[in-house]
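To keep things clear, I will list the structure first and then write my remarks on it.
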Amino acid sequence: MAPQISPSILSADFANLGADVERVADAADWVHVDVMDNHFVPNLTLGLPVVEALLKSSRLPLDCHLMIEDPDRWAPAYAEAGAGSVTIHAEAARAPVRTLRAIRAAGARASLGINPGTAVETYADLLGEVDMLLLMTVEPGFGGQRFLDMVLPKVRRARQLIRDAGKPVWLQVDGGVSAETIERCAEAGADVFVAGSAVYNADDPAEAVRKLRAQAEAATADADWS
């Protein structure tokens, strides 16, 4: 699969979310929406009503990343609202298989997120239940953090697990993805890249997305796993 770029609106202007989404609409593949509840992570962002509003105006599908307690209760509603992809965290889900299946049944891609300190091997048996595996490359909760190089070996292991399973699972990285780090992520095995500050702090967010994509494509072409 060709690399995909999912700009995170956590770094956008919350007073003008619709306009900031439109700024990347011709360049990006997804809009990454970070939903935080100030319980699972120490930050409070936005929820389902804002997602429903964005769905009415966005030309891009929404990639909803739920950093919340009790995703088993709330995640299906995001899929039912029209999100294209819904991510729940392994550390928060009590019934991940049931919830991932409910997300799929509601018409969205089902994704499982894993924090930097969580071993990916623990969830190898769930690869048949997911459309995407998200590896956090920072501790979740805040944008603009420094990329954690320690996660790159886990990205490589995750890519091998996906290959061994023979499943068409996308591998997403989220946190500190920028012009300085995206090539290492792609070389390690990632194919979906969440970038917030690197996109929305640029003078031209759409051009920033295009440059990130070009870097990811070049690194993927040279990677052993591809």
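The table below lists the values:
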| quantity | calculated |
| --- | --- |
| When the convex hull of its Cα atoms is projected in every direction, mean area for region 4-222 (nm²) | 10.6 |
| Burial order of peptide ranges 79-90, 108-119 (average beta-carbon count within 10 Å, highest first) | 79-90, 108-119 |
| Cα pair distances exceeding 25 angstrom across region 1-131, given as percent | 22 |
| Per-residue Cβ neighbour rank within 10 angstrom, fewest leading, K154, K211 | K211, K154 |
| Anchor K154: lysines whose Cα lies under 26 Å away (excluding residues fewer than 8 positions away in-chain) | K167, K211 |
| Taking only Cα atoms of region 113-184, radius of gyration then Dmax in Å | 12.1, 34 |
| Relative contact order %, region 40-183, counting alpha carbon pairs below 8 Å whose residues are six or more apart | 19 |
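Every read-out reported here was derived from the displayed coordinates using simple, explicitly stated rules and does not represent laboratory data. Just so we're clear, the structure is a prediction, and the values are computed from it rather than from any experiment. Virtual Cβ from ideal backbone geometry, glycine too; neighbours counted across all protein chains shown.
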